[in-house]
Amino acid sequence: MDCSGCGDRVRAFARLLRPAVRGGPLVRRSDRLEAWVLIVLGAVVAIAFAAGWEASTLILLAGLDRSVRKLLDAGRHRTWARRWARLDATRNASGHKRERSAPAVAGGAAFRAVANSQPESYRAIGRDPRGGGRQLGGLMDRIRRGETDWAGWLRRWDAQQEGYVARREARFAAMLDVAARLLPASFVALDLACGPGSVSQRLLGRFPEARVIAVDIDPVMLEVGRGALGTGGGRLRWIEADLASSDWVGLLGGARVDAAFSSTALHWLEPAALIRLYGDLSRVLPSGGLFLNADHLPFGPELPTFADLSDRALDEQWSDSEFAARGIETAEQWWEAFADEPAAASMLEQRRARFAGKRRPETRLDLDAHVAALRDAGFREAGTVWQELSNRVLLAVR
Ligand SMILES: C[S@@+](CC[C@H](N)C(=O)[O-])C[C@H]1O[C@@H](n2cnc3c(N)ncnc32)[C@H](O)[C@@H]1O
């Protein structure tokens with residue numbers, strides 16, 4: 001059995017498991033438990049290898065594979081997906097030939113070593129004996145092939161965004177409740193500055209007859225969204241566009257749009273660009289069409305105590321110590337982790353090019369300025385429908 005580089009893989013594996021075994025503020029109990037399960041199963045497999053029990057080893061590997069699949073499929077696999085992928089990088093660095101179309105993680109290298117000598121048995125391991133292998137082991141299969149766990153990245157995105165937006169799910173629900181009451185069952189919605197598609201996903205989930213057009217400037221966000229949600233069964237379309245220019249309207253190709261949604265995003269636009277966007281939306285939406293914007297929309301200068309209260313709450317909520325205490329990673333940590341993905345390098349390059357020259361605006365419109373700008377743009381009503389300090393959902397009716 002070819003096991004050149006096994007030592008490196010074992011050391012890499014140990015290095016990756018160490019943080020989970022030791023624990024810490026960012027490591028959940030479930031991850032620690034999984035780490036120990038892997039260690040115990042890994043040790044048994046190693047002993048079987050050492051003893052030359054080929055048949056038993058295959059059975060144990062099958063068990064390990066199923067156990068890992070089960071744990072990952074149980075929905076707690078975000079950290080593990082990253083660790084498996086990192087092991088792959090280590091394996092490549094340790095001199096193994098990289099197979100571009102089907103690179104395996106280090107764990108997978110052991111599977112392949114067995115596969116080379118026992119192809120039939122290996123194929124049998126790859127299949128789920130209960131016949132649900134494709135679905136049940138989907139994640140492990142993808143990871144073993146070196147593919148990215150896009151759904152995992154989306155879930156992880158949502159988890160870190162919850163650190164920035166208190167009661168984010170309640171805020172999404174408030175937007176969808178408005179849509180349920182004011183829109184027909186079948187509607188077309190825009191998800192503006194969609195990121196990896198959190199709003200789109202919830203819209204498609206709640207409204208089975210709805211269609212969504214998700215727009216964002218960031219090729220990485222769009223790739224994560226496409227990977228995780230695909231076309232939503234033909235109901236979801238992705239558009240790469242800069243909302244700071246009106247060109248995005250042309251990219252809709254004249255599609256009918258009944259409503260526009262946005263979450264935690266439009267503060268990235270300079271006030272002049274945002275006012276232009278409101279004008280674009282007013283032209284795209286029909287009379288009675290809805291715009292629902294969930295974001296931090298600050299209190300104006302006539303409410304200094306409110307503004308101070310809100311700023312203080314946000315300073316506290318957004319502090320590193322608060323993220324650590326809640327066991328939530330920051331957006332920076334998400335991007336750092338994503339950069340380790342084998343597929344990330346070229347995407348991040350494109351991302352840098354798309355954002356070249358863009359900066360976070362220094363001024364933000366306050367709530368009253370948003371309302372005034374929407375009315376000037378042609379919306380007949382605009383106001384808050386959900387609020388927690390400056391964290392709000394603004395509804396505008398065309
Ligand atoms: C914090 S994320 C929010 C993503 C998503 N809406 C959510 O709630 O998770 C902000 C998003 O705004 C997008 N964005 C920023 N400036 C943009 C622009 N000028 N045009 C389009 N999208 C933009 C970013 O690429 C990013 O995906």
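The figures follow:
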quantity	calculated
Region 350-398 - Rg (one decimal) and Dmax (whole number), Cα, Å	14.7, 40
ALA260 long-range amide H proximity, modeled H, under 5 Å	LEU190, LEU290, PHE291, LEU292
Environment charge at GLY383 (Cβ cut-off 13 Å; Lys +1, Arg +1, Asp -1, Glu -1)	+1
Projected area, mean over directions - region 310-398, Cα convex hull, nm²	8.9
Other-chain or far-sequence residues with amide H under 5 Å of ILE239's (modelled H)	ALA214, VAL215, ASP216
Karplus-derived HN-Hα couplings along region 304-316 (A = 6.51, B = -1.76, C = 1.60, θ = phi - 60°), whole Hz, x at Gly and Pro	x, 5, 4, 4, 5, 4, 5, 4, 5, 4, 5, 4, 5
Mean Cβ count within 10 Å, highest first, over the residues of peptides 303-312, 351-360, 289-298	289-298, 303-312, 351-360
5 angstrom amide H check on SER246, placed H, neighbours 5+ away	none
Whole-Hz couplings from phi, Karplus 6.51/-1.76/1.60, listed for region 188-205; x for Gly and Pro	10, 10, 9, 10, 7, 6, 6, x, x, x, 4, 5, 4, 4, 6, 4, 5, x
Per-residue HN-Hα couplings for region 171-180 [Karplus 6.51, -1.76, 1.60; θ = phi - 60°; Hz; x = Gly/Pro]	5, 4, 4, 4, 5, 5, 4, 4, 4, 4
With eigenvalues of the C-alpha gyration tensor scaled by 5 and rooted, region 144-195, Å	28, 17, 9
Long-range Cα-Cα pairs in region 156-397 (distance over 30 Å), rounded percent	23
Whole-Å semi-axes of the ellipsoid equivalent to region 141-267 (Cα gyration tensor, √5λ, descending)	22, 18, 15
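Just so you know, all these numbers are worked out from the coordinates, no wet-lab data involved. What you see is a predicted model, and the numbers here were worked out from it, not measured in a lab. Every residue, glycine as well, gets a Cβ built from its backbone with ideal geometry; the counts of neighbours run over all protein chains shown.
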